[in-house]
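Peer 1: Here it is, the structure in full.
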Amino acid sequence: MRALPPVTVRDEFDALVVRTDYHDEQLWQRVSAALMEPWGGEQHEARVQFVNDPVWAGATVDEVLTAVCADENLPVVFLADHVSMQSESHALLAVTTLTREECADDEDYEQLTEFGREFRIVPAGVHDVHANLSIGNLGFEEYGAWAHDDPEGIYRSF
């Protein structure tokens with residue numbers, strides 16, 4: 001596993017999106033523009049911190065998690081990977097930053113990651129997931145269940 005630059009500076013209200021695919025700049029522009037659209041019935045300004053540096057090309061989930069682990073207030077990180085760029089919905093990969101060590105026991109961890117530690121999410125859903133996880137209003141496992149119930153395995157937002 002390669003070491004990536006640590007991501008240590010982020011406003012707590014900003015969703016963190018890490019770009020790991022650099023094959024098509026035009027597609028990336030469409031995805032990043034979609035992420036900057038107002039959300040919540042256009043009530044809220046989009047707040048996103050992008051990690052957009054080719055050094056992250058091809059980064060794995062574990063490499064990204066290692067790079068963001070110092071941010072104790074980050075409940076989820078979103079990856080704009082090859083699948084995101086190629087899919088019609090441009091669904092990003094949402095990954096929980098929760099570790100087994102942060103849980104009371106194995107059973108607690110298993111419950112909180114019942115549907116896995118990642119799921120696909122359309123750009124319009126990034127903000128409500130980040131906001132609700134940040135304030136503890138909903139859990140990662142709830143969003144994972146909604147993605148699991150989708151025929152394509154994607155959380156499509158409220």
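Each value in this text was obtained by applying a stated rule to the coordinates, not by laboratory testing. Values in this document were obtained by computation on a predicted structure and should not be read as measured data. Cβ atoms come from the backbone with ideal geometry, glycine included; neighbour counts cover every protein chain shown.
Peer 1: Would you list the P(r) distribution for segment 89-158, with all Cα-Cα distances sorted into 5 Å bins from 0 and each bin expressed as a whole %?
Peer 2: 4, 18, 28, 26, 15, 7, 2, 0
Peer 1: Please list, ordered by chain and number, the residues whose modelled amide H lies under 5 Å from the amide H of V51; skip anything fewer than 5 residues away on the same chain.
Peer 2: Correct list: V17, V18, R19.
Peer 1: Using only Cα atoms, locate the centre of segment 75-131 and the centre of segment 38-57, then give the distance between them in Å, rounded to an integer.
Peer 2: What the calculation gives is 15 Å, centre to centre.
Peer 1: Pick from T97, T60, T113: which residue has the top mean-square fluctuation in a GNM of the chain where Cα pairs under 10 Å get a spring?
Peer 2: Between T97, T60, T113, it is T60 that shows the largest mean-square fluctuation.
Peer 1: Moving on to the next point. Among V76, C103, Q86, pick out the residue whose Cα is farthest towards the positive end of the charge dipole of segment 66-112, where Lys and Arg carry +1 and Asp and Glu carry -1 on C-beta, about the Cα centre.
Peer 2: Farthest towards the positive end: Q86.
Peer 1: Can you pull the three principal axis extents for the Cα set of the chain, in Å, largest first?
Peer 2: 45, 38, 30
Peer 1: Can you tell me, using C-alpha contacts under 8 Å and at least 6 residues apart, the relative contact order of segment 4-157 as a whole percent?
Peer 2: 24 percent
Peer 1: Show me, for segment 92-106, the HN-Hα J-couplings you get by feeding each phi into the Karplus relation (A = 6.51, B = -1.76, C = 1.60, θ = phi - 60°), rounded to Hz, glycine and proline as x.
Peer 2: 7, 9, 8, 10, 6, 8, 4, 10, 4, 5, 7, 9, 4, 6, 4
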